[in-house]
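All of the numbers you see were taken from the coordinates with simple rules; none came from a lab. What you see is a predicted model; the values in this text were computed from it and never measured. Ideal geometry is used to build each Cβ from the backbone, glycine not excepted, and the neighbour counts take in all protein chains shown.
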Amino acid sequence: MIAIRRNKLVFVLTIGFILLIKSYFLWNTFHNGDFSETKILKSGDAGHYFKIAKNLSEFKSYADNGTSIANESATWRPPVWPFTLSLFFYISTHPLALLILKVLFETFLLVTAIVYFYRKNNYSLIFFGALLLLLIEPQYLKYSVTFLSESFTAVLILLLSILFMQLQKNKAPNVLVPIVAAITVMCHPVSVFFVVTLLGIYLLFHLKNHIKRTLLHGLLFSLIVLSWPMRNALLFNKGFYFTASQGSAFSKSWNEKVLTDFTNVDGDLADENLNLKYIEAKELKKPNNGVLEYSKLYQKGTWNYIKSLSFSQQVKTALRKLKSNFNPFPEKPKTGFFESLSVLFRIIYLLVFVQLLIHLLNWKKIDFNSQRDKAFLVVLAVLLGQTLMSIYIYTGLRFNSVYSLTLLFCFLLINQRWVTDKINRLTNK
């Protein structure tokens, strides 16, 4: 009886601590920031998301030109976050109010997901409180108060991971898995290798006993994801592409300055024009070169640059980006308490990768009834996702923040006994 009361008290205190930290962070951010529309529109990527969402709410058109005519430059951004953000405009058009709505919406999704997972599994109330610490993960908090898509993507990746965790031998495939997987890719394409890996494991697991439903789920995922490139191809008649930024991102990640200048802080601020010198001058001077045409030129120039490198130079470039990807410390100064706290959490996530490698070296058969084993599979998907994406284009601290909630979730789950024992010892004292 005393133990039950103590556990309830610890749970209440944990909730109070979470509310205190989150409230302080939100108040400090909203009180000291400039959230005028003029300021927001000048804030780079975040401002562009805001502009597209506003255009969707006012003109019902995926554009950034203040009209009902869809344009190519808006396709620089994948569609899920602008469409989601546009719904908030029906409640308020003030940027600060929109951010508060975003925080509330994401918090609702997070708490719902954690409660769902807790009820599906036999965990203690203390561990439930530990899972709620996801609400104050510092990297997630940082982006949750911006109009960028990283925090919403982080929530979607966690939702997908929790749905994957319900995978069991005696259960039929869940149609929500391919749907959430597709939405995640369409929210932030940087997640594509992670999603394909996790979805691939999920489909292979069910293929033997539920072949028809499994194939339909794979088809459903493909149709949802491909619907956006198909829309772009039909609307602009300039080829099959997911975002107009894919050529620019590719060029920024493979160029002659990567070995000397690339960092995990501002890799996406590189000059995408560096590889245009590998394109013939007559192609650059075409009068109809627009956003999509330049995206193709960036891709072509980058491939030409890569082909000009020796194999050892290609490996050096890839290793340079991989080193930055897994470096928990910012490679350029980033000040502030939450930035310093983020370093600590990234070190923890690096340790989770180490735990995965040790687990794999044990060569034990995967138990799909074990939440710990399935958590390792999620971490494996994150590891592969980050590795492949950092080689193909780049990742860095901002893009890798989309995995922050899931890695913290997996850390707590993999070390559940240790976490619970630590909390019990602290409370007994």
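What FRET efficiency comes out for the pair Phe368/Ser227, r = Cβ-Cβ distance, R0 = 30 Å, nearest 0.05? Could the numbers behind the result be given before it?
Values: r = 31 Å, r/R0 = 1.04.
With a Förster radius of 30 Å, E is 0.45.
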>> If I take R0 = 56 Å and measure r between the Cβ atoms of Leu101 and Ser312 in this structure, what FRET efficiency does the formula 1/(1 + (r/R0)^6) give, to the nearest 0.05?
In response: 0.65
>> What distance in nm lies between label points placed 7 Å from Cα along the C-beta direction at Leu341 and Asn304?
In response: 4.9
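Obtain the radius of gyration and the Kirkwood radius of region 280-429 from its C-alpha atoms and give Rg over Rh. Walk me through the numbers on the way to the answer.
On the way: Rg = 21.2 Å, Rh = 18.8 Å.
Answer for region 280-429: 1.13.
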>> Can you find, among Thr67, Val80, Asn7, the residue sitting farthest towards the positive end of the charge dipole of region 1-110, where Lys and Arg contribute +1 and Asp and Glu -1 at Cβ?
In response: Asn7
> Semi-axes of the equivalent ellipsoid of region 1-150: what are they in whole Å, largest first, if each equals the square root of 5 times a C-alpha gyration tensor eigenvalue?
Replying inline: 37, 17, 11
> For mean projected area of the Cα convex hull in nm², which listed value, (1) 32.1; (2) 23.7; (3) 37.3, comes from the coordinates shown?
Replying inline: (2)
> Hey, rough spin-label estimate for Arg119 and Trp27, points 7 angstrom out along Cα→Cβ, what's it come to in nanometres?
Replying inline: 3.2
> Do any trypsin sites (Lys or Arg not before Pro) in region 47-114 lie in a loop, going by DSSP, with at most 14 other beta-carbon atoms within 10 Å of their beta carbon, and if so which?
Replying inline: Lys60
> For the pair Arg417 and Val12, how long in nm is the line joining their label points, each one 7 Å along Cα→Cβ?
Replying inline: 3.2
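Counting other Cβ atoms within 10 Å of each Cβ, which chymotrypsin sites (Phe, Trp or Tyr not before Pro) in region 319-413 have at most 11 and sit in a DSSP loop? Don't skip to the answer; put the middle values down first.
On the way: sites: Phe326, Phe337, Phe338, Phe345, Tyr349, Phe353, Trp363, Phe368, Phe376, Tyr392, Tyr394, Phe399, Tyr403, Phe409, Phe411; in loops: Phe326, Trp363, Phe368, Tyr394.
Sites meeting the loop and neighbour criteria: Trp363.
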>> Nearest 10 degrees is fine. How inclined is helix 45-59 to the longest principal axis of the chain, computing both from alpha carbons?
In response: 80
>> Compute the distance from the alpha-carbon center of region 1-57 to that of region 159-214, in whole Å.
In response: 29
>> What aspartates and glutamates does Lys257 reach when the alpha-carbon gap must be under 16 Å and sequence neighbours fewer than 8 apart in one chain are set aside?
In response: Asp266, Asp268, Asp271, Glu272, Glu331
> Tell me, what is the percent relative contact order of the chain, built from C-alpha pairs under 8 Å that lie six or more residues apart?
Replying inline: 19
> What's the FRET efficiency of Lys208 with Arg320 using the Cβ-Cβ distance as r and R₀ = 30 Å, to the nearest 0.05?
Replying inline: 0.10
> In a Debye calculation with equal point scatterers on the alpha-carbon sites of region 32-71 and no solvent, what is log10 I(q)/I(0) at q = 0.15 Å⁻¹?
Replying inline: -0.34
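Neighbour counts of other C-beta atoms within 10 Å: give me Val343, Val352 arranged from fewest to most. Mind showing how you got there, number by number?
On the way: Val343 16, Val352 20.
Going from least to most buried by this count: Val343, Val352.
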> Per the helix-only calculation at 222 nm, which mean residue ellipticity applies to the chain, given -39500 (n - 2.57) for every DSSP H run of n ≥ 4 and division by its residues, nearest 500 deg cm²/dmol?
Replying inline: -22000 deg cm²/dmol
> Cα axis of helix 371-392 to longest principal axis of the chain: angle in degrees, 0 to 90, nearest 10?
Replying inline: 20
> Helix 337-361: angle to the longest alpha-carbon principal axis of the chain, degrees 0 to 90, nearest 10?
Replying inline: 80
>> Which of Trp76, Trp303, Trp254, Trp27 has the fewest other C-beta atoms within 10 Å, and how do the rest follow up to the most?
In response: Trp27, Trp303, Trp76, Trp254
> Sorting Met230, Met186, Met165 on the 10 Å Cβ count, fewest up front, what's the list?
Replying inline: Met230, Met165, Met186
>> Just to confirm a number: summing +1 for Lys and Arg and -1 for Asp and Glu over residues other than Ile100 whose beta-carbon lies under 14 angstrom from that of Ile100, what do you get?
In response: +1
> Using a cut-off of 21 Å between alpha-carbon atoms, which lysines can reach Lys285, once sequence neighbours fewer than 8 places away in the same chain are excluded?
Replying inline: Lys238, Lys277, Lys296, Lys300
>> For a quick check of your reading of the filter: which GluC sites (Glu not before Pro) in region 208-295 sit in a DSSP loop and have no more than 16 other Cβ atoms within 10 Å?
In response: Glu256, Glu280
